[in-house]
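First the structure, in the form of structure tokens, and then the observations on it.
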Amino acid sequence: MMKLIKLMAGFLLTLMFLMGCEDSPEEQYLKWEKQELATGLRYDSLFMGIYFQMPQKKFREHCYQLNLDGKFKQGGKKNTIWVEYKMEEEMDYPAAINFYPTFENDVITEMNAAIYYDDHAVFRDGIFESDSLLMDVLNLMDEWYGKGFVLIKSPVFYQEDVYVKVTGNRRITVYPDLGGQKINVWYVDLLSKKEDEG
């Protein structure tokens with residue numbers, strides 16, 4: 001009798017789960033975003049001391065100082081006018097992040113970035129799988145922002161799937177670049193976007 005009750009309970013839980021998953025991926029994502037924004041929590045930290053709502057002047061001064069310290073430089077594979085930071089210890093192989101923010105009302109509201117292996121990366125096993133960089137970047141994102149990235153399948157067969165994490169106001173989207181040698185990381189301050197819409 002106990003086995004039958006457990007079996008029925010498992011069946012009901014599965015059925016409830018499946019009924020709850022009838023929403024489209026877009027509807028599920030929008031519910032998730034709404035729930036996170038409803039928490040009222042702010043997560044503004046991005047990386048290397050850069051954050052949402054950082055004034056443009058402060059961003060320039062910060063990058064200039066890190067340039068003098070030998071950590072930042074102008075250039076990179078994604079965009080030669082962006083900022084590049086060589087990640088020598090953050091990933092398994094030498095890599096770099098190339099980035100530049102979007103400013104609205106003179107503060108950072110988005111950050112566009114690309115992560116790629118350094119030209120001089122020597123792969124220990126001599127094998128490079130096409131998804132190795134994506135897995136390395138997702139591991140780095142887990143280290144920087146905590147686990148919780150969710151795969152969202154692309155409805156279009158020729159477009160790549162994306163990985164998304166929403167924590168409070170901060171949305172991070174990770175997806176392969178069209179060329180396959182870079183992984184794009186797009187940070188958005190959802191509260192800024194809601195203010196623009198309102």
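The values are calculated or read from the model by the stated rules, or taken from the named source; none is laboratory data. Not measured: the values here are computed from a predicted model. With ideal geometry, Cβ positions are generated from the backbone for all residues, glycine too; neighbour counts draw on all protein chains shown.
Restricting attention to the stretch 161-179, the residues that are charged (D, E, K, R), more than 18 Å from GLN28 (Cβ to Cβ) and in contact with a helix residue (DSSP H, G or I) (Cβ under 8 Å, 6 or more places away or on another chain) add up to 1.
Hey, can you tell me all the residues within the stretch 47-75 that are aliphatic (A, V, I, L, M) and in contact with a helix residue (DSSP H, G or I) (Cβ under 9 Å, 6 or more places away or on another chain)?
Of everything in the stretch 47-75, those that are aliphatic (A, V, I, L, M) and in contact with a helix residue (DSSP H, G or I) (Cβ under 9 Å, 6 or more places away or on another chain) turn out to be MET48, ILE50, MET54.
The numbered conditions (1) out of contact with any strand residue (DSSP E or B) (no Cβ under 8 Å at 6 or more places or on another chain); (2) at pLDDT below 90 are all true for PRO94 except (1).
Scanning the stretch 76-91 for residues that are closer than 22 Å to LEU140 by Cα, touching a Phe, Trp or Tyr at 6+ places or on another chain (Cβ under 9 Å) and assigned to a loop (DSSP other than H, G, I, E, B) yields a total of 7. Within the bounds of the stretch 103-112, is there any residue that is under 18 Å from the mean Cα position of the chain (by Cα) and surrounded by fewer than 16 Cβ atoms within 10 Å (Cβ to Cβ)? Within the stretch 103-112 (the criterion being under 18 Å from the mean Cα position of the chain (by Cα) and surrounded by fewer than 16 Cβ atoms within 10 Å (Cβ to Cβ)), the answer is no, since none of the residues qualifies.
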